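One structure is given below, encoded as structure tokens.
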């Protein structure tokens, strides 16, 4: 299978239109299964892998870095065949400086990630979140050093508000420092607030958009039942991540919307997973959504979305049903 490709923002970097997210590797998914997921994604044509130094999701300081290590071992002998992205800013140690976007932490963090990933460079190095306690200029200078040293080819951000990203782009331009080329925001049918400011900014500035949570942590697969407790082994019960994901999506309003969407998916002859991901892909500002799995077979319905083109009427119906999630009061 050959997936379509596209450019990452205004760069010359060609990437697959789906990204494989790896945050389940090492806790929710053991290494053998993780390798099977990577194999399945690669066979399907995914050439873009995303990880982070704090993964696996739901772990703590004892598990920090295990996901990068799994990815690094799998990449041995085939590093040149994949675009590799990782992230830093989250806490990775007990010292006060073992987190954030300071020069000290970022220069330490890139070295640690490269060691775990068993590579000399990453293609995309991202700030996992905004560190308002560190001056933007210091952060941008550190990232510029990392790129100029050859340890990262491009830089991006995740979980940034539009005004902070806009300021960072401006400061980089004024200081003639390496510029962010991409954003990684949360985006799905149940979380559309970024359409108001962040996506228009990305479009105007030519930034690549690689959204995470396109299936709302699994709620948009339709497999969860509001009548019972969250399903064991999913993100809604996974260690330190459980509370965050329940707070985001485990609510009657979201379940009511999922039921409406399931009816539409059935009528269209699609799984809810495929329909939900096809809706994200239909947005012209989106470069490549990040898909994940805890078992290789879970990728099947996500991969089908690439070949689905939503007609205008179906797209509009999905937009209308989920319009309330575009407003700020839908944010949790």
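Annotation note: Cβ proximity below 9 Å between a residue of the range 307-319 that is exposed (fewer than 15 other Cβ atoms within 10 Å of the Cβ) and a residue that is modelled with pLDDT of 95 or more and not in a helix (DSSP H, G or I) (sequence gap 6+ or interchain) occurs for 309/282. Is it the case that some residue within the range 128-150 is touching a residue at least 24 places away in the same chain (Cβ under 8 Å), assigned to a strand (DSSP E or B) and within 22 Å of the chain's Cα centre (by Cα)? For the range 128-150, residues touching a residue at least 24 places away in the same chain (Cβ under 8 Å), assigned to a strand (DSSP E or B) and within 22 Å of the chain's Cα centre (by Cα): absent.
Scanning the range 103-116 finds no residues that are in a loop (DSSP other than H, G, I, E, B) and surrounded by fewer than 21 Cβ atoms within 10 Å (Cβ to Cβ). Within the range 30-50, the set of residues being in contact with a helix residue (DSSP H, G or I) (Cβ under 8 Å, 6 or more places away or on another chain), part of a loop (DSSP other than H, G, I, E, B) and free of Cβ contacts under 8 Å to residues at least 60 places away in the same chain comprises just one member, 47. Scanning the range 201-214 for residues that are surrounded by fewer than 24 Cβ atoms within 10 Å (Cβ to Cβ) and in contact (Cβ under 8 Å) with a residue 60 or more places away in the chain turns up 202, 203, 206, 212. When the test is whether a residue is within 26 Å of residue 235 (Cα to Cα) and modelled with pLDDT of 95 or more, residue 25 passes it.
Let's see how each residue does on (1) touching a strand residue (DSSP E or B) at 6+ places or on another chain (Cβ under 8 Å); (2) surrounded by fewer than 19 Cβ atoms within 10 Å (Cβ to Cβ); (3) closer than 30 Å to residue 9 by Cα:
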residue: 238; (1), (2), (3): no, no, no
residue: 243; (1), (2), (3): no, yes, no
residue: 252; (1), (2), (3): no, yes, no
residue: 260; (1), (2), (3): no, yes, no
residue: 279; (1), (2), (3): no, no, yes
residue: 290; (1), (2), (3): yes, no, yes
residue: 299; (1), (2), (3): yes, no, yes
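Selection over the range 55-65 of residues that are crowded, with 18+ Cβ neighbours inside 10 Å and at pLDDT 95 or above gives a count of 4. For the range 169-206, a residue qualifies if it is assigned to a helix (DSSP H, G or I), within 13 Å of residue 157 (Cα to Cα) and under 18 Å from the mean Cα position of the chain (by Cα), and the qualifying residues are 198, 202.
Of 253, 235, all but one fail to be more than 20 Å from the chain's Cα centre (by Cα) and closer than 22 Å to residue 186 by Cβ; the exception is 253. Here is the figure for the range 83-102: residues that are part of a loop (DSSP other than H, G, I, E, B), closer than 25 Å to residue 209 by Cβ and touching a residue at least 40 places away in the same chain (Cβ under 8 Å) total 2. Note on the range 207-225: among residues that are part of a loop (DSSP other than H, G, I, E, B) and either at pLDDT 95 or above or within 23 Å of residue 85 (Cβ to Cβ) (or both), the one that is farthest from the chain's Cα centre (by Cα) is 207.
Comparison of 52, 41 shows that the only residue that is over 19 Å from residue 127 (Cα atoms), touching a strand residue (DSSP E or B) at 6+ places or on another chain (Cβ under 6 Å) and surrounded by 21 or more Cβ atoms within 10 Å (Cβ to Cβ) is 41.
For the range 16-23, the condition of being part of a loop (DSSP other than H, G, I, E, B) and surrounded by fewer than 20 Cβ atoms within 10 Å (Cβ to Cβ) holds for at least one residue.
The values are calculated or read from the model by the stated rules, or taken from the named source; none is laboratory data. The structure presented is a predicted model; accordingly, all values stated were derived computationally and were not measured. A quick note on method: Cβ atoms are made from the backbone with ideal geometry, for glycine too, and the neighbour counts reach across all protein chains shown.
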